[in-house]
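The structure appears right after this line, and notes come after that.
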Amino acid sequence: MLEVKEQKEYGTIKDWKPESTTPKLFPLSYSASNELETCEFKYACRKMYKVEPDIEDDTVALRWGSACHKILEDTDWVASNFNLDIYDNALVEYGFKLKGESGKLLILDEQVCYGVYAAAVSLLQLAKKQKLETVACEFEIKLPYLYGFIDRICKEESGGWWIQDLKTSARIMEAELAARLIRDKQLNLYALPEVIEMICNQYNLEAENFRGVRYTVAFKTKAKVKTKEKLKDYTERNQPKVLDFEIPAEKLDGKTILSEHLAKITRASKLRAGLETPIRNYGSNSCFAYNKPCPYFSQCYGKKAEELQSEIKLMTLDNAKKVNTPIREVKKPDVKIENLF
Ligand code: SF4
């Protein structure tokens, strides 16, 4: 049966009051830190004011990736553990299949379901070739300044061990990743000495055997599913590309990344205490990232993106004509610049 969505309670910017006016250290996740970097006001709308978004975030891509993660976790990254029940459970959990009245599964998005299967199979094939033993999946990091989950901790036969981060992506970006991963914020934070110590204590591993971080990406296949095509045939026809980047521990620079992370926490704690005002970043990469309007667009532009789009005149080569607007009185800004400083 279709589950009823939980009703969220939203707040307003006007009514927001800080819980405490003293800035405090708090655990900041990598995703919250990224949002803060993209646009402080967006972070504030979501995390502090809790205002209702114009549109719910399009979660298909996110859920697609989560379903893949779930399969890898439930199989312990072992190909021979994979079966259709594990696959179905992952799709039901992330809303791509529904349990119908008769108990049979109803497929909501066939293309996504086939894509998840193909990606999971490719990742499991890669894991089989690498012969890394899974020590833990979804390891929770809980430090006073950092919160997050490590997708997998895995071990070589020799005793060397790795932290593995799994991503799914629509865009193949091999060269870009190879060049920038040694300074990737998330990878460096997850390999901090305090995190390594937590892992060693919990799983009886040696810190000196920590080899580094593996960044594993499965790229989505865009091929259409043929009528009545079987999952295996689709996967063979469109085997998704998977890449596994090996970042050795000695190439990481946790110290620099940590000090930048702590600076973000300081900034966020001042915002949360109401001592500073969140800055809006009107750049197209934040207000219209991935060609989609920011969920809090109307809070900054006064109207929802689609309403504004229909109000702004657009000329093209086909409809262009003489521009001759009537003369209007020009309004002077009522803010004196010198009063601002
Ligand atoms: S619309 Fe732009 S400025 Fe406003 S919160 Fe979103 S990203 Fe920030």
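None of the figures in this text is laboratory data; all of them are computed from the coordinates on show. In this text the structure is predicted, and so the values were computed from the model without any measurement. When we count neighbours, we look across all protein chains shown, and the Cβ atoms used for this are built from the backbone with ideal geometry, even at glycine.
Quick notes on this structure:
- Principal-axis tilt of helix 84-93 within the chain, Cα atoms, nearest 10 degrees: 20 degrees
- Reported to the nearest whole Å, the Cα centre-to-centre distance from region 194-253 to region 122-165 is 9.
- Ranked H69, H261, criterion: other C-beta atoms within 10 Å, fewest first: H261, H69
- A straight Cα-to-Cα reach below 20 Å connects K50 with the aspartates and glutamates E6, E9, D15, E19, E35, E37, E40, D58, E276, residues fewer than 8 places away in its own chain not being considered.
- Ordering of 310-317, 169-176 by burial proxy (mean other Cβ atoms within 10 Å per residue, highest first): 169-176, 310-317
- Partner lysines whose Cα lies under 22 Å from the Cα of K228, excluding those fewer than 8 positions away in the same chain, are identified as K97, K99, K104, K220.
- Between helix 110-130 and the chain: long-axis angle, C-alpha atoms, 0 to 90°, nearest 10: 50 degrees
- Length-normalised contact order of region 159-243 in % [C-alpha pairs under 8 Å, at least 6 apart]: 44 percent
- Report note on the peptides 224-233, 320-329: ranked by the mean count of other C-beta atoms within 10 Å, highest first, their order is 224-233, 320-329.
- Too-long pairs where the Cα-Cα distance tops 32 Å, listed order kept, from K232/K292; K232/K304; K224/K264; K8/K251; K70/K292; K17/K264: K232/K292; K232/K304; K224/K264; K8/K251
- Most tightly packed first, judged by the mean number of other beta-carbon atoms within 10 Å of their residues, the peptides 22-30, 157-165 read 157-165, 22-30.
- Helix-only CD estimate at 222 nm, as mean residue ellipticity for the chain, using -39500 (n - 2.57) per DSSP H run (n ≥ 4): -11000 deg cm²/dmol
- Rel. contact order, % - alpha carbon contacts under 8 angstrom, at least six apart, the chain: 22 percent
- For G274, neighbours were defined as the other residues whose beta-carbon sits under 11 Å from its Cβ, and their charges (Lys and Arg +1, Asp and Glu -1) total +1.
- Modelled this way, with points 7 Å down the Cα-to-C-beta line, the labels at N34 and S259 are 2.5 nm from one another.
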